[in-house]
Amino acid sequence: MQSLTKHTLKQALKLSHRSPVAIRSFSTVNTPKSKKELSESFLDGTSSVYIEDMYNSWKKDPTSVHKSWASFFSSTDGGAAVGEAYMSPPTLGSSTATKAAPSSGASPSAVNLQSISDSMKLLLLIRAYQVRGHAIATLDPLNLEVRPEPAELKPSKYGFTEADMDRPIYVGEGLISGFLTNNAPQTTLRQVLNRLKEVYCGDIGIEYMHIQDREMCDWIRENFETFTHFTLPKEEKIKILERLSWADQFEGFLGLKYKTQKRFGLDGCESLIPGMKAMIDTAAGNGVNQIVLGMPHRGRLNVLANVVRKPLPAIFNEFNGGVISIEGEYSGTGDVKYHLGTSYDRVTADGNKVHLSLVANPSHLEAVNPVVEGKVRAKQHYANDKQHEHSLAIQMHGDASIAGQGVVYETLHLSQLENYTTGGTIHVVVNNQIGFTTNPNCSRSSMYCTDVGKTIDVPIFHVNGDNVEAVVHVCKLAAQWRQKFQRDVIIDIVCYRRHGHNETDQPKFTQPIMYDKIAKQTPVIEKYSNQLIGENVISQEHYLQMKNIIHEAYEKGYQEGMKYSPKATDWLESKWEGIKSPIEMGTTFKSGISEELIQSIGKVLYTEPKDFELHSTIKRLLKEKKEMFVKGSGFDWATAEALAFGSLLLEGNHVRLSGQDVQRGTFSHRHAVLHDQKTDATYTPLLNLSKEFNKDAAEFVASNSSLSEFAVLGFELGYSLESPKSLVLWEAQFGDFSNGAQVIIDQFISAGEAKWMRQSGLTMLLPHGYDGAGPEHSSCRLERYLQMCDSDPNKVYQAGQENITKQAQHSNWQVLNISTPANYFHALRRQVHRDFRKPLVITTPKYLLRLQQSFSNIKDFTTEGFQRLLPEATPEEINAPEKVQRLVFCSGQVYYLLAGARAQAKIKDTAIVRIEQLHPFPFDLVAEQMKLYPNAKVIWCQEEPMNMGPWNFLFPYFHSTFKSIDRPFNITYAGRPASASPAVASHSLHKLQLETFLSEALGTKISS
């Protein structure tokens, strides 16, 4: 048995891999041969596990395998020779095979083996086209690259010759797709090859055989292999032509009116517009009513005008130099026109309503991908769309960027994660075969720019951009696929870029041959209009009339754009209604809560779940937590955070915490989700608020993310943009891990409101603190966030709630370095309890998480709100204010080092003040402390090196504060010396630096 199966197995496994056709063929027509026969044929291999398993299964139950194998095993067990062991079961219809064999007197078994061998070789050829047919598809409109035909696509590879082209080959009943055989038991090689080339090697190339799911592969086969080409009705062809004309004339109109301005036009890929509109029509017809688009600058204006349908006067006004953001309506810098987003409600051709949103994004290609996904996921959350059926993400890419940008991979790998999936994204690549000035062979190592999609088992449809009907066809199928399987799909529109990177660029500097070809290329609008005129679908007169109507519409929009006045954008509408812009006076509400509410939430937090085996350490922690609430003191950071979360949830505010290991917390402090030690079942205390309070609470999500910063932070930013009634947080595993998300931080979070008039209340938690751990993970690089703060240090805001609120509203974001759990609690609640939104950066502590001196009392949670500055904590233990000689300002956990050193040295003439909010700078409170200690020398103390941390940022703010109170400017720095590295590796050197700057701050000598 062993010698008979070795050479059969490898091919069996190959053919059975994902392909139902192949599985059926092996279970039906594979006749084992002798070792010599197999080695001489196209079959080879070394493993026999597959057939051994079938044999063993047959021994136990003869009905468990197909009749063909049962027949073979029965004969071989009975001692039959290998070549004669196979007997065709009745379902194979061996008479047909016998009739097809030559009448040379060959034995029936030889004839049968020849027929079976031909059938199997044909099936291998079919599979080869399913896997590699795309390699010779006619995808490039320019025909720049002629790829060699893979050997496995040649019939000769399988022993076929020209003489075999029209010889009948037995394929059985339904063993291969009906389009190849017309559902007949026999076919010819020529018939099969013609159909295979039509399906897999035409203007559409399909990659799908890498997908593990058989049903998905079957669906693609059924929709491509059985199609009867593009038999579109006349009305649809005219609609495609009309949409193509709008796209083509838009670029021509802009080129005529604005010859010297950049527009990053769609010229060369105009078929994108009818394809996108067909995709949206199809999606809307299948239940989608919300679509969020993300795309780069290439073709963005055309998509805005002809897909999203942004008013033409608004677009032309921007070209005419119109102001995007106007003082008196909204303050901000604005952005270039091909970065802007917008949203509008649209009715599709079939009468379905759909809301389209195009997300604003910078020139950092692909950075918008996770933002779009987060926004869609938030839409699904607030609409209770748990099946992800009604909100859809469409991502548009460039060929060089989808292959080159790592965030593409990071975002794709969120696609099937429970708390990040959006139910599938449609990706559309405008593949103009060049990245700025770089050819594909210099910008990627893979055959296709879309190969990254294979990592998550998604189908990839390559399509020739000059075949507009093919583009429309795959766009429709992509929408159907997404709605059916809730998985991503990629459309690669292979096209060209008619002009340079922008319309003022000279592309022949670097691509002379390509642009010689482009200069001779007939535009797709000419090709398609001539095609329809030739098919008598439309007359020349009708087509010219269509063009004139479109031109008049653009001309009208242009004229109206000359006098157009930009209006407030839609961010103030819908869920954001009532949220104030920076020039409207906002309000900050009390963030404290009652002791009764604190105790009730506490009960939910410390109560052990029933029939749940907790870890012994967790049991101890819950017991300690209960003691906090009983005593009313000793509230640690994790408990303060949970109280903030719980109180917001009960008020109807959704709370979402995301990041690496956030459920437990990097430092094992949070334990938001508990695990049963025997079953691994989970229990989340904050999900039980509704039961305890007998009222609906908003949803709480604590989600351990993938090991990504860029994509996950971008996702949470997008999530925060959808609704202000939420607290959305991203926590870095260590503060310096945020470096990996710097594009999102720099381009979106810190500047998003100024550029795009979009507010976000996203909160970033960045663990920070110099604990002797070395250069990595000591610093969150606080100085970088402070450097991006936009407030003017020369503009001093005086005391008063109105001034404080105005200062916050005029700032791009807030940066906090908090030293107590209660202040952390108030900071989180303040994010939601005011009628404007600002991003929040919090440098969260590490060793303070368990430092009892930092813990809060229950009364601290009931106060008015967040304390921007904490004055001297123990004034009764130091000299009277006028006798204080040193006033040390600091921020964060270094306070406890200062306080401890002061107590140890029994110093009485030094006051220590904590600035909890570094930005917006608390001018009024700092000035108040300086006035309180009129004779004290002012010192700034920090644990970071001199060129890092807050020192360089705060220096001009202190200068203005001194000036505002008519006090001579004099401030001294105490901290680590300037350094290239964030921290030293040597623990002894760390300790020496610590002792040195504490001594400098307190005016003491370092002990020898």
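Data table
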item	result
Rounded to the nearest 20 debye, dipole of segment 694-838 from Cβ charges on Lys, Arg, Asp, Glu	520 debye
Fraction of beta bridges assigned by DSSP in the chain that are antiparallel (%, nearest 5)	25 percent
Average projection area in nm² (convex hull over Cα atoms of segment 595-861, one quarter of hull surface)	15.3 nm²
Cα-based helix-to-principal-axis angle, 951-964 vs the chain, degrees rounded to 10	40 degrees
In degrees, nearest ten, helix 540-561 long axis to first principal axis of the chain (Cα)	0 degrees
For segment 678-781: rounded, prolate or oblate by the Cα gyration tensor [a/c cutoff 1.5]	oblate
Per-peptide average of other Cβ atoms within 10 Å, ordering 155-166, 432-443 highest first	432-443, 155-166
Listed residues P793, L301, F715: farthest to the positive end of the dipole of the chain (Cβ charges)	P793
Karplus 3J(HN,Hα) series, Hz, for segment 888-898 with 6.51 cos²θ - 1.76 cosθ + 1.60 (x for Gly, Pro)	9, 8, 8, 8, x, 6, 4, 4, 5, 5, 5
Cα-projected label distance for Y683 with S446, points at 7 Å along beta-carbon direction, nm	4.5 nm
For segment 703-709, Karplus couplings with θ = phi - 60° (6.51, -1.76, 1.60), whole Hz, Gly/Pro x	10, 5, 8, 5, 7, 9, 9
Cα gyration tensor category, rounded, prolate or oblate, for segment 870-1002 with a/c compared to 1.5	oblate
Segments 956-963, 538-545 sorted - mean Cβ within 10 Å per residue, highest first	956-963, 538-545
Ascending count of other beta-carbon atoms within 10 Å, so fewest first, for W219, W730, W481	W219, W481, W730
Total formal charge among the other residues, if their Cβ is under 12 angstrom from that of P274, Lys/Arg +1 and Asp/Glu -1	-1
Computed over segment 234-561: relative contact order in percent, which uses C-alpha pairs under 8 Å that are six or more apart	24 percent
Estimated FRET transfer efficiency (A151, Q416; beta-carbon r; R0 45 Å; 0.05)	0.80
Residues F715, F955 arranged by fewest to most Cβ contacts within 10 Å	F955, F715
Net +/- balance of residues flanking W730 in space, Cβ distance below 13 Å, scoring K and R +1, D and E -1	-3
Proxy reagent accessibility, fewest Cβ within 10 Å first, across H297, H768	H297, H768
Degrees between helix 214-225 axis and first principal axis of the chain (Cα, 0 to 90, nearest 10)	60 degrees
Sparse-neighbourhood loop sites, trypsin sites (Lys or Arg not before Pro) in segment 455-524 - DSSP loop, at most 12 other Cβ within 10 angstrom	none
Relative contact order (percent, whole number), the chain, Cα cutoff 8 Å, 6+ residue spacing	9 percent
Amide H contacts under 5 Å for H919, placed H, 5+ residues apart	V815
Per DSSP, loop GluC sites (Glu not before Pro) in segment 349-432 with at most 12 further Cβ within 10 Å	E418
FRET efficiency, 1/(1 + (r/R0)^6) with R0 45 Å, evaluated for N952 and S706 via beta carbons	0.80
Distance (nanometres) between label positions extended 7 Å along Cα→Cβ at A873 and Y847	1.4 nm
Phi-based couplings in Hz for segment 427-439 (Karplus 6.51, -1.76, 1.60; Gly and Pro marked x)	9, 10, 9, 8, 8, 8, 6, 6, x, 6, 10, 9, 6
Extended-chain gain in nm, criterion 0.36 nm per residue less alpha-carbon gap, K527 and L256	95.3 nm
Cross-link partners of K691 among lysines (Cα-Cα below 17 Å; sequence separation of 8 or more within a chain)	K603, K610
Value in Å of the Kirkwood radius, where segment 234-561 supplies the Cα pairs that are averaged	20.3 Å
A553-V347 FRET efficiency (beta carbon distance; Förster radius 22 Å; 0.05 resolution)	0.75
Sequence ranges 463-471, 527-535, ranked by mean other-Cβ count within 10 angstrom, highest first	463-471, 527-535
Within segment 610-640, trypsin sites (Lys or Arg not before Pro) in DSSP loop having at most 13 other beta-carbon neighbours inside 10 Å	K610
Computed over the chain, the ratio Rg/Rh where both radii use C-alpha atoms and Rh is Kirkwood	1.06
Nonlocal amide H pairs with D492, under 5 Å, H built at 1.01 Å	V429, F461, H462, V463
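Read the figures in this text as sums done on the coordinates, not as results from a lab. Bear in mind the structure is a predicted one, so any value in this text is a computation, not a measurement. Positions of Cβ are generated from backbone atoms using ideal geometry, with glycine treated the same way; all protein chains shown enter the neighbour counts.
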